[in-house]
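A.B. asks: Before anything else, here's the structure in question.
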Amino acid sequence: MTWLSRAAVSRRSITILIAAGLFAAGILAWGSLKQELVPEVSFPIVTVIAPYPGAAAEEVVDDVVGPIENAVQTLEGIDTVNSTSANSIGFVIAQFAYGIDVDAAVADLEDAVGGLELPDGVEPAVTPFDFNQTPVVVAAISSASTSLTDLGSIASEEIL
(Lines give C-alpha, C1' and ligand atoms only; values in the text may rest on other atoms or scores of the structure.)
Protein backbone atom coordinates (compact mmCIF):
# COMPACT_ATOMS: atom_id res chain seq x y z
CA MET A 1 0.00 0.00 0.00
CA THR A 2 1.03 3.57 -0.60
CA TRP A 3 1.50 6.05 2.19
CA LEU A 4 -1.79 7.84 1.28
CA SER A 5 -3.81 4.63 1.49
CA ARG A 6 -2.18 3.67 4.82
CA ALA A 7 -2.88 7.15 6.25
CA ALA A 8 -6.53 7.07 5.09
CA VAL A 9 -7.14 3.61 6.60
CA SER A 10 -5.36 4.33 9.88
CA ARG A 11 -7.17 7.65 10.42
CA ARG A 12 -10.70 6.79 9.27
CA SER A 13 -12.45 9.57 11.16
CA ILE A 14 -10.26 12.26 9.58
CA THR A 15 -10.79 10.72 6.11
CA ILE A 16 -14.57 10.78 6.59
CA LEU A 17 -14.42 14.40 7.81
CA ILE A 18 -12.37 15.46 4.77
CA ALA A 19 -14.78 13.65 2.41
CA ALA A 20 -17.81 15.28 4.08
CA GLY A 21 -16.13 18.71 3.89
CA LEU A 22 -15.38 18.27 0.19
CA PHE A 23 -18.97 17.16 -0.41
CA ALA A 24 -20.37 20.20 1.44
CA ALA A 25 -18.01 22.54 -0.44
CA GLY A 26 -19.13 21.00 -3.73
CA ILE A 27 -22.81 21.53 -2.87
CA LEU A 28 -22.17 25.17 -1.92
CA ALA A 29 -20.17 25.82 -5.08
CA TRP A 30 -22.83 24.17 -7.26
CA GLY A 31 -25.53 26.43 -5.81
CA SER A 32 -23.62 29.58 -6.72
CA LEU A 33 -22.94 28.69 -10.38
CA LYS A 34 -24.32 31.24 -12.83
CA GLN A 35 -25.16 28.96 -15.74
CA GLU A 36 -28.31 28.26 -17.69
CA LEU A 37 -29.13 24.98 -19.35
CA VAL A 38 -30.56 26.77 -22.37
CA PRO A 39 -29.29 30.34 -22.75
CA GLU A 40 -31.63 32.97 -24.11
CA VAL A 41 -31.18 33.22 -27.87
CA SER A 42 -32.72 35.81 -30.17
CA PHE A 43 -33.00 35.16 -33.90
CA PRO A 44 -33.85 37.97 -36.35
CA ILE A 45 -36.88 36.09 -37.66
CA VAL A 46 -40.41 37.47 -37.73
CA THR A 47 -43.49 35.47 -38.70
CA VAL A 48 -46.77 36.71 -40.15
CA ILE A 49 -49.76 34.41 -39.79
CA ALA A 50 -52.81 35.44 -41.79
CA PRO A 51 -55.97 33.35 -41.45
CA TYR A 52 -58.41 33.65 -44.37
CA PRO A 53 -61.44 31.55 -43.35
CA GLY A 54 -63.02 29.50 -46.11
CA ALA A 55 -60.46 30.37 -48.80
CA ALA A 56 -58.68 27.85 -51.00
CA ALA A 57 -54.89 27.77 -51.01
CA GLU A 58 -54.73 29.54 -54.38
CA GLU A 59 -56.91 32.39 -53.07
CA VAL A 60 -54.71 32.69 -49.99
CA VAL A 61 -51.61 32.98 -52.21
CA ASP A 62 -53.12 35.59 -54.53
CA ASP A 63 -55.11 37.69 -52.05
CA VAL A 64 -53.11 37.45 -48.82
CA VAL A 65 -49.61 35.98 -49.04
CA GLY A 66 -48.57 37.75 -52.25
CA PRO A 67 -49.31 41.27 -50.95
CA ILE A 68 -47.70 40.47 -47.59
CA GLU A 69 -44.54 39.17 -49.29
CA ASN A 70 -44.33 42.30 -51.45
CA ALA A 71 -44.69 44.52 -48.38
CA VAL A 72 -42.09 42.54 -46.43
CA GLN A 73 -39.51 42.63 -49.24
CA THR A 74 -39.50 46.44 -49.20
CA LEU A 75 -38.33 46.58 -45.57
CA GLU A 76 -34.78 47.57 -44.72
CA GLY A 77 -32.49 44.79 -43.49
CA ILE A 78 -34.56 41.95 -44.92
CA ASP A 79 -32.49 38.89 -45.81
CA THR A 80 -34.94 36.22 -46.99
CA VAL A 81 -38.70 35.81 -47.23
CA ASN A 82 -40.42 32.41 -47.29
CA SER A 83 -44.10 31.65 -47.34
CA THR A 84 -46.48 28.74 -47.07
CA SER A 85 -50.12 28.77 -48.04
CA ALA A 86 -52.84 26.30 -47.22
CA ASN A 87 -56.61 26.30 -47.16
CA SER A 88 -57.74 29.16 -44.91
CA ILE A 89 -54.27 30.28 -43.77
CA GLY A 90 -51.13 31.98 -45.02
CA PHE A 91 -47.78 31.89 -43.25
CA VAL A 92 -44.89 34.25 -44.11
CA ILE A 93 -41.43 34.03 -42.52
CA ALA A 94 -39.18 37.08 -42.80
CA GLN A 95 -35.53 36.65 -41.86
CA PHE A 96 -33.59 39.83 -41.25
CA ALA A 97 -29.83 40.37 -41.24
CA TYR A 98 -28.12 39.51 -37.97
CA GLY A 99 -27.52 42.46 -35.69
CA ILE A 100 -30.82 44.16 -36.49
CA ASP A 101 -33.11 45.33 -33.68
CA VAL A 102 -35.88 42.71 -33.75
CA ASP A 103 -38.40 44.92 -31.93
CA ALA A 104 -37.94 47.69 -34.51
CA ALA A 105 -38.23 45.12 -37.31
CA VAL A 106 -41.52 43.84 -35.83
CA ALA A 107 -42.86 47.39 -35.61
CA ASP A 108 -41.85 48.12 -39.22
CA LEU A 109 -43.42 44.87 -40.39
CA GLU A 110 -46.64 45.60 -38.48
CA ASP A 111 -46.82 49.01 -40.14
CA ALA A 112 -46.20 47.52 -43.60
CA VAL A 113 -48.79 44.77 -43.17
CA GLY A 114 -51.27 47.11 -41.48
CA GLY A 115 -51.29 49.36 -44.53
CA LEU A 116 -52.31 46.57 -46.92
CA GLU A 117 -55.78 46.16 -48.33
CA LEU A 118 -56.52 42.55 -47.53
CA PRO A 119 -59.85 40.71 -47.90
CA ASP A 120 -62.49 41.10 -45.20
CA GLY A 121 -61.85 38.88 -42.18
CA VAL A 122 -58.08 38.68 -42.72
CA GLU A 123 -56.17 40.06 -39.75
CA PRO A 124 -52.49 39.11 -39.93
CA ALA A 125 -50.61 38.49 -36.69
CA VAL A 126 -46.96 39.62 -36.67
CA THR A 127 -44.77 37.92 -34.07
CA PRO A 128 -41.03 37.58 -33.58
CA PHE A 129 -39.64 34.05 -33.50
CA ASP A 130 -38.70 33.27 -29.92
CA PHE A 131 -36.68 30.11 -29.48
CA ASN A 132 -37.38 30.20 -25.74
CA GLN A 133 -41.14 29.92 -26.34
CA THR A 134 -41.02 26.83 -28.53
CA PRO A 135 -42.57 23.74 -26.97
CA VAL A 136 -40.39 20.93 -25.72
CA VAL A 137 -42.86 18.23 -26.71
CA VAL A 138 -45.61 18.34 -29.31
CA ALA A 139 -48.12 15.52 -29.29
CA ALA A 140 -51.17 14.64 -31.36
CA ILE A 141 -53.89 12.08 -30.92
CA SER A 142 -56.24 10.61 -33.49
CA SER A 143 -58.72 7.82 -33.81
CA ALA A 144 -60.83 6.38 -36.58
CA SER A 145 -63.55 5.22 -34.19
CA THR A 146 -63.73 8.04 -31.61
CA SER A 147 -65.36 11.44 -32.14
CA LEU A 148 -63.40 14.69 -31.82
CA THR A 149 -65.36 15.61 -28.70
CA ASP A 150 -64.40 12.34 -27.03
CA LEU A 151 -60.78 12.75 -28.12
CA GLY A 152 -60.77 16.25 -26.62
CA SER A 153 -62.04 14.99 -23.29
CA ILE A 154 -59.52 12.14 -23.30
CA ALA A 155 -56.72 14.62 -23.97
CA SER A 156 -57.78 17.05 -21.26
CA GLU A 157 -58.74 14.51 -18.60
CA GLU A 158 -56.30 11.65 -19.05
CA ILE A 159 -53.28 12.86 -21.00
CA LEU A 160 -52.82 16.27 -19.37
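The values are calculated or read from the model by the stated rules, or taken from the named source; none is laboratory data. All of these numbers come straight from a predicted model, not from anything done at the bench. So basically every Cβ, Gly included, is an ideal-geometry build from the backbone, and we count neighbours across all protein chains shown. All accessible areas refer to the heavy atoms of the entire protein, side chains included, with ligands and DNA or RNA removed. Shrake-Rupley method; radii C 1.70, N 1.55, O 1.52, S 1.80 Å.
A.B. asks: Between Thr2 and Ser153, what is 0.36 nm times their sequence separation minus the Cα-Cα distance? Round to one decimal in nm.
C.D. replies: Contour length minus Cα-Cα distance gives 47.6 nm.
A.B. asks: I need the shape label for the range 70-160. Rule: rounded when a/c is under 1.5, else prolate if a/b > b/c, else oblate, with a, b, c from the alpha carbon gyration tensor.
C.D. replies: Since a/c reaches 1.5 and a/b is larger than b/c, the shape of the range 70-160 is classed as prolate.
A.B. asks: Any idea of Leu116's accessible area? Nearest 10 Å², probe 1.4 Å.
C.D. replies: Ignoring ligands and nucleic acids, Leu116 comes out at about 50 Å².
A.B. asks: Tell me the label only: which of [x] 24, 20, 14; [y] 38, 21, 12; [z] 56, 27, 12 is semi-axes √(5λ) of the Cα gyration tensor in Å as calculated from this structure?
C.D. replies: Among [x] 24, 20, 14; [y] 38, 21, 12; [z] 56, 27, 12, the one derived from this structure is [z].
A.B. asks: At 0.36 nm per residue, minus the direct Cα-Cα distance, what do Glu123 and Val138 gain on full extension? Give it in nm, one decimal, please.
C.D. replies: Between Glu123 and Val138, full extension yields 2.8 nm more.
A.B. asks: Solvent-accessible area per residue for the chain at a 1.4 Å probe radius, Å²?
C.D. replies: For the chain, the per-residue accessible area is 73 Å².
A.B. asks: Further question: With a Förster radius of 35 Å, plug the Cβ-Cβ distance of Ala57 and Asp103 into 1/(1 + (r/R0)^6) and report the FRET value to the nearest 0.05.
C.D. replies: 0.60
A.B. asks: Ignoring ligands, DNA and RNA, how do Phe91, Phe23, Phe96 rank by accessible area with a 1.4 Å probe, largest first?
C.D. replies: If we order Phe91, Phe23, Phe96 from most to least accessible, we get Phe23, Phe91, Phe96.
A.B. asks: I want to verify a result. In a Gaussian network model of the chain, Cα cutoff 10 Å, which of these has the top mean-square fluctuation: Thr134, Thr80, Thr149?
C.D. replies: Looking only at Thr134, Thr80, Thr149, the largest GNM fluctuation is found for Thr149.
A.B. asks: Determine the share of the range 18-160's accessible area contributed by carbon and sulfur atoms, expressed in whole percent, with a 1.4 angstrom probe.
C.D. replies: 57 percent
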